[in-house]
Amino acid sequence: MVKACDVKRNDLVGIQGLPYIVEDLKVSTPSARGASTLYRFRFRNLVTKNKVDMTCKGDDPLEQISFEKRPVQFLFVQQDQYTFMDCEDFSQFVLNRDELGDQVDFLVEDMEGVMALVSDERILTIEMPANVALKIIECDPVLKGASATGRAKPAKLQTGLVVQVPEYLTPGEVIRVDTRTRKFLQRA
């Protein structure tokens, strides 16, 4: 068992014997004396993809799920089927677009650095690296004589993801994008 105050975003916990991942966490501290800090969680079931909202006090116990992380490589996508290869035993597995959710915006063919979360020899989900390198496919042209202030413009990346990038970037450049915040970090 783990205390609610020790659980962080993207941690795995068990609720009624099923694996859930922490999608969102908000902490509120009441101003009244003696009041307990409340932790508001949004969990997503890794099997059914249902979402559950739960409010806990800091000392409330949550069930821990035992899992292991395995390095995998994303190979290719065919229709809505995403194929991965386990880097240790070279076995392949397929996940649907629905199972991956927003993570498909960061997947590029032959991508390494992805981790699979495995429990009881079953793939629960994948975990993306903190940032990924993606190529800009299209964006507005650079304006000559524009002011020196740091303005941003939308750029469409090779996966279809649109992010705000600095004005000086052009199509064909490779940038780093934070997979948690979905924001531009730097040139790659």
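In segment 44-56, of all residues being more than 16 Å from the chain's Cα centre (by Cα) and modelled with pLDDT of 85 or more, the one that is nearest to L107 (Cα to Cα) corresponds to V52.
Let's see how each residue does on (1) in a strand (DSSP E or B); (2) surrounded by 13 or more Cβ atoms within 10 Å (Cβ to Cβ); (3) out of contact with any Phe, Trp or Tyr (no Cβ under 8 Å at 6 or more places or on another chain); (4) among the polar types (S, T, N, Q):
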residue: T48; (1), (2), (3), (4): no, no, yes, yes
residue: T55; (1), (2), (3), (4): yes, no, no, yes
residue: L62; (1), (2), (3), (4): yes, yes, yes, no
residue: M115; (1), (2), (3), (4): yes, yes, yes, no
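Of note, D89 does not satisfy the criterion of being over 30 Å from G160 (Cα atoms), surrounded by fewer than 16 Cβ atoms within 10 Å (Cβ to Cβ), in contact (Cβ under 8 Å) with a residue 40 or more places away in the chain and over 15 Å from the mean Cα position of the chain (by Cα). Residues of segment 143-161 include at least one that is touching a strand residue (DSSP E or B) at 6+ places or on another chain (Cβ under 8 Å), surrounded by 15 or more Cβ atoms within 10 Å (Cβ to Cβ) and under 30 Å from P19 (Cβ atoms).
Given the criteria at pLDDT below 85 and in contact with a strand residue (DSSP E or B) (Cβ under 9 Å, 6 or more places away or on another chain), does S91 qualify?
Details: at pLDDT below 85: no; in contact with a strand residue (DSSP E or B) (Cβ under 9 Å, 6 or more places away or on another chain): yes.
No, not satisfied.
When segment 64-86 is filtered for residues that are surrounded by 12 or more Cβ atoms within 10 Å (Cβ to Cβ), among the charged types (D, E, K, R) and either within 20 Å of G160 (Cβ to Cβ) or under 18 Å from the mean Cα position of the chain (by Cα) (or both), the ones remaining, listed by number, are R70, D80. Take the residues of segment 163-188 that are surrounded by 14 or more Cβ atoms within 10 Å (Cβ to Cβ) and of a type in the set (A, V, I, L, M): which is farthest from M128 (Cα to Cα)? For segment 163-188, the residue satisfying everything is L169.
Filtered by the rule that a residue be hydrophobic (A, V, I, L, M, F, W, C), assigned to a loop (DSSP other than H, G, I, E, B) and over 18 Å from the mean Cα position of the chain (by Cα), segment 151-178 gives a lone residue, L169. Failed condition for Q64, given (1) in contact with a Ser or Thr (Cβ under 7 Å, 6 or more places away or on another chain); (2) within 18 Å of S119 (Cα to Cα), with all others met? Condition not satisfied by Q64: (1). Across segment 18-46, which residue is surrounded by the most Cβ atoms within 10 Å (Cβ to Cβ) among those that are in contact (Cβ under 8 Å) with a residue 12 or more places away in the chain and not in a strand (DSSP E or B)? Across segment 18-46, the extreme among qualifying residues is L46.
Let's see how each residue does on (1) under 18 Å from A4 (Cβ atoms); (2) among the hydroxyl-bearing types (S, T, Y); (3) not assigned by TED's automatic domain parsing to the domain that holds D98:
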| site | (1), (2), (3) |
| --- | --- |
| S28 | yes, yes, yes |
| R44 | yes, no, yes |
| K57 | yes, no, yes |
| D60 | yes, no, yes |
| V77 | no, no, no |
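The values are calculated or read from the model by the stated rules, or taken from the named source; none is laboratory data. The shown structure was predicted, so the numbers you read here are calculated from the model rather than taken from an experiment. Every residue, glycine as well, gets a Cβ built from its backbone with ideal geometry; the counts of neighbours run over all protein chains shown.
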